[in-house]
1. Where the centroid of each part is defined by its Cα atoms, how far is the stretch 109-124 from the stretch 61-75 in Å?
2. Return one whole number: the accessible area per residue of the chain in Å², for a 1.4 Å probe.
3. Using 10 Å bins from zero, what percent of all Cα-Cα pairs in the chain falls into each bin?
Amino acid sequence: LSEPKRIAYAYLILDELLTYYNGNMPKTMSITESYVNSALIYIEQNFTQNITVSDIAAHLGLNRSYFASIFKKQMQITPQDYLVRLRISRACELFAFPNATVASVSNSLNYEPSVFFRHFRRIIGISPSEYKRRLNEMHRIF
């Protein structure tokens with residue numbers, strides 16, 4: 001083979017390899033996806049503390065408004081609502097323990113009792129004590 005033909009074949013092989021890898025390489029995360037993932041990790045590790053959206057944004061080194069907008073765009077929920085829903089979800093898990101009281105659960109999640117009651121009722125639809133009562137009734141059945 002002549003030198004120009006070898007070069008042409010090399011380019012054809014290179015083109016085939018690039019086409020294959022571009023179609024099969026995992027997509028890299030965008031910077032905003034990376035920020036949101038980092039925020040989710042931070043929230044998961046600190047949700048029992050009295051953290052705010054400003055704390056999360058500061059942890060990421062972002063402006064609060066910018067962080068809130070990229071979080072909502074990716075998650076379809078505000079960071080504050082995500083944090084509240086995570087805490088209430090954990091509260092429901094804690095109520096499965098027989099000795100768990102509304103006060104002990106709200107304290108373990110670093111909630112003021114009145115705020116905990118209001119958030120729980122808004123998200124679950126019943127009071128924490130009613131939820132606990134129904135959960136106990138279900139356990140007696142099984």
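The values are calculated or read from the model by the stated rules, or taken from the named source; none is laboratory data. Computed from a predicted model, the values in this text were never measured in an experiment. Just so you know, the surface numbers come from the protein's heavy atoms only, side chains and all, with ligands and any DNA or RNA stripped out. Shrake-Rupley method; radii C 1.70, N 1.55, O 1.52, S 1.80 Å.
1. Each part's Cα centre sits 24 Å from the other's.
2. Working: 9680 Å² over 142 residues.
Per-residue accessible area for the chain comes out at 68 Å².
3. Taking all Cα pairs of the chain, the binned fractions are 10, 28, 20, 15, 10, 7, 5, 4, 1 percent.
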